[in-house]
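The values are calculated or read from the model by the stated rules, or taken from the named source; none is laboratory data. Everything quoted here is computed from the prediction, not taken from an experiment. Note that each Cβ is placed from the backbone with ideal geometry, even for glycine, and that neighbours are counted across all protein chains shown.
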Amino acid sequence: MIRTLRKSVLSVPLAAIALAVSSAYAAPVIGPSDATFYTNPASLGGAHGDLIQYRPTTVNLGTGAPATKAFNVLYQSTDSLGKPNAVSGTVLVPTTAWSGTGPRPVILYAVGTQGLAQDCAPSRQFAAGSNEYENANINAALKAGYTVLVTDYAGYLAGTESTYLSGQSQGNAVLDIFKAATSIPSVGIDAAAPVGIWGFSQGGQSAAWAAEVLPNYAPGLNVKGVAAGGIPADFMASAHFLDGNLGAAFLASGVAGLSVQYPKTVGNNFNLLASADGKAQIAKLKTECVFTALFDLQNKTLAQFTVDPANTTLDDLLGVPAVETTLLAQNLGKQPLTVPMYQYHGKADEFIPLAQDIDLKRYYCANGGKVQFDLYPSEHIVTQFQAAPKALAWMADRFAGKAAPSSCSTNTTGYPTPTNTNTAPGGNFVVKLDAWPLTATVGLKTLGQTVYLPAASTFTATTDITAKTLNGTLSVPDFKQSLKIIGIGSQIGMKVTPNGATTGTASLDNAGKLHVHGTAYADITITSVSGIPVGSCKTVTPVAFPLNFDGPVSSLGNGGLNFSGTTTFPQVKGCFISAILSALMSGSGQTYSFTVNPPAPTSF
């Protein structure tokens with residue numbers, strides 16, 4: 001600790017130095033403004049949750065982010081072996097006054113997989129403005145008025161390596177950042193503030209671990225609820241699902257992370273069994289962030305990393321007694337819940353198996369927990385963002401003191417485990433939109449009026465991220481719309497009929513941005529005017545609606561995918577008023593806006 005103080009002495013006010021020297025953790029230390037802030041302390045002499053140092057920082061949370069006071073923190077925590085460690089993180093406090101009653105609530109936001117490279121740490125990405133893919137969820141929590149605390153987890157300081165998927169270490173780091181944040185002078189975080197814990201995937205694992213260790217590790221924390229989704233609760237089940245799968249990078253990262261946390265078991269056995277190429281793959285993985293790693297290792301098996309891949313199975317690797325004991329120690333479902341939980345999972349999850357997450361829910365319910373479990377219709381990454389509004393609404397009710405709902409009644413044998421609808425998680429990276437609700441408008445330029453497509457309209461599509469293809473179709477029921485034609489109000493009967501498939505390209509870049517470019521074609525038919533049939537008054541050629549979207553992958557849940565622009569309506573022919581309709585509805589400059597949102601979840 002003294003060595004750390006010496007390193008940062010030039011950036012610390014003299015008064016702070018005097019206080020820090022007299023008592024290592026008696027007063028917070030302002031850390032250096034450069035990258036040396038992330039220096040791992042030579043020794044740790046305080047208690048878990050102690051603030052080692054902090055500094056004001058500037059964060060770039062993307063377009064539409066609310067104004068915040070932001071700080072980087074370095075604080076003491078505890079790893080999975082019970083040893084003290086230092087962890088970095090970010091404190092985000094809205095600048096607007098809290099409008100609710102009591103202290104401003106705090107969200108402990110547990111991020112999902114970011115990647116093993118040190119630059120992947122959320123605090124570093126916030127500062128760099130590098131499009132941290134979970135910004136949308138963090139911004140939503142900030143806009144709700146909550147303080148948001150984001151741990152980087154252990155292993156993102158200079159000279160350290162990530163202990164990815166080491167469950168207890170992650171849960172401890174999530175809890176300890178609260179005490180550290182309250183120690184920042186004038187930060188305005190009440191030590192008795194209501195707290196919510198929220199995370200998905202690795203973050204869901206971390207949030208659930210935090211919930212399980214809470215009573216013994218941080219008993220004074222005023223936690224009102226935990227929202228945890230896509231949880232890898234059973235390491236062995238998750239490993240078998242990931243091996244040779246799209247998410248093979250997550251399994252390989254888990255081996256790397258657990259080798260760091262458990263060098264005598266996982267680490268030694270990996271070094272014995274891994275080939276030179278396997279060791280090189282892991283070394284490369286430690287230089288990559290999540291999406292680069294995901295595409296690099298897609299569909300690889302862990303056996304491919306070994307000296308004898310032809311005769312090595314995953315069970316051979318996981319079944320080494322010392323390794324197996326370590327891996328089983330990462331499993332959740334060891335301690336009952338003492339706070340309510342909102343648990344959720346995607347029915348088409350291609351990375352984390354559904355059944356083992358439901359088994360965790362059943363354990364919590366059987367041991368007195370209060371759990372609301374929701375099933376979303378989509379894949380892993382998509383579900384993370386589809387569930388965000390529900391998770392925040394659920395948390396708001398907990399902060400408001402409302403009784404937590406429970407779906408524990410479905411634990412009985414009369415409610416079979418839902419089946420994962422993603423029956424082939426290997427192969428290409430595919431995201432399916434199955435009859436997603438479509439909200440659409442078309443602006444008629446000459447008439448100066450807007451046509452609203454009916455609420456039952458849907459958009460179905462298959463986006464193959466690996467092949468970079470989009471194939472889909474619109475579905476629009478027949479409908480009637482009130483329009484003024486030549487100054488006279490009329491009920492116009494209309495059909496919007498897809499003409500062929502919606503085709504194009506779809507891709508996901510290494511920064512987590514989704515790119516969709518395609519075209520939907522539709523025939524527009526006027527079937528009646530003021531209730532009088534007019535025959536088949538139809539556009540002579542299909543109307544082309546370009547579908548272009550470039551934005552964060554989080555848009556698949558937060559706000560939906562919006563396609564808007566201008567198009568040209570061809571002439572209308574086929575009925576006795578076609579000339580009038582053509583004059584009023586045809587031509588260029590017609591506007592349109594299509595927004596597709598996911599269907600609502602079902603409770604289990």
On the basis of being surrounded by 17 or more Cβ atoms within 10 Å (Cβ to Cβ) and at pLDDT 85 or above, does Lys468 make the cut?
no
Considering region 391-423 alone, what residues qualify as being at pLDDT 90 or above, touching a strand residue (DSSP E or B) at 6+ places or on another chain (Cβ under 7 Å) and in a loop (DSSP other than H, G, I, E, B)?
Ala404, Pro405, Ser406, Ser407
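On the basis of being out of contact with any His (no Cβ under 6 Å at 6 or more places or on another chain) and farther than 28 Å from Ala400 by Cβ, does Gln168 make the cut?
Numbers: out of contact with any His (no Cβ under 6 Å at 6 or more places or on another chain): yes; farther than 28 Å from Ala400 by Cβ: yes.
Answer is yes for this residue.
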Evaluate region 263-279: report whether one residue or more is in contact (Cβ under 8 Å) with a residue 40 or more places away in the chain and not in a helix (DSSP H, G or I).
no
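Determine whether Thr160 is in contact (Cβ under 8 Å) with a residue 24 or more places away in the chain and under 22 Å from Ala387 (Cα atoms).
Values: in contact (Cβ under 8 Å) with a residue 24 or more places away in the chain: yes; under 22 Å from Ala387 (Cα atoms): no.
The answer is no for Thr160.
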Unmet requirement for Gly426, which otherwise passes all of (1) modelled with pLDDT under 90; (2) more than 30 Å from Asp243 (Cβ to Cβ); (3) small (Gly, Ala, Ser)
(2)
For residues that are surrounded by 24 or more Cβ atoms within 10 Å (Cβ to Cβ) and touching a Leu at 6+ places or on another chain (Cβ under 9 Å), tally how many sit in region 331-345.
4
Residue check, Gly155 against (1) within 28 Å of Gly230 (Cα to Cα); (2) at pLDDT below 95; (3) of a type in the set (Gly, Ala, Ser), all met but one. Which one?
(2)
Among the residues of region 122-160, how many are outside any helix (DSSP H, G or I) and closer than 24 Å to Val213 by Cα?
11
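Could you check, for region 225-236, whether at least one of its residues is of a type in the set (D, E, K, R), touching a Ser or Thr at 6+ places or on another chain (Cβ under 8 Å) and not in a helix (DSSP H, G or I)?
No.
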The listed residue being buried (at least 24 other Cβ atoms within 10 Å of the Cβ) and under 14 Å from the mean Cα position of the chain (by Cα), out of Gly112, Gly167, Gly171, Gly204
Gly204
So which residues in region 486-501 are over 21 Å from Leu561 (Cα atoms), aliphatic (A, V, I, L, M) and surrounded by 18 or more Cβ atoms within 10 Å (Cβ to Cβ)?
Ile492, Met494
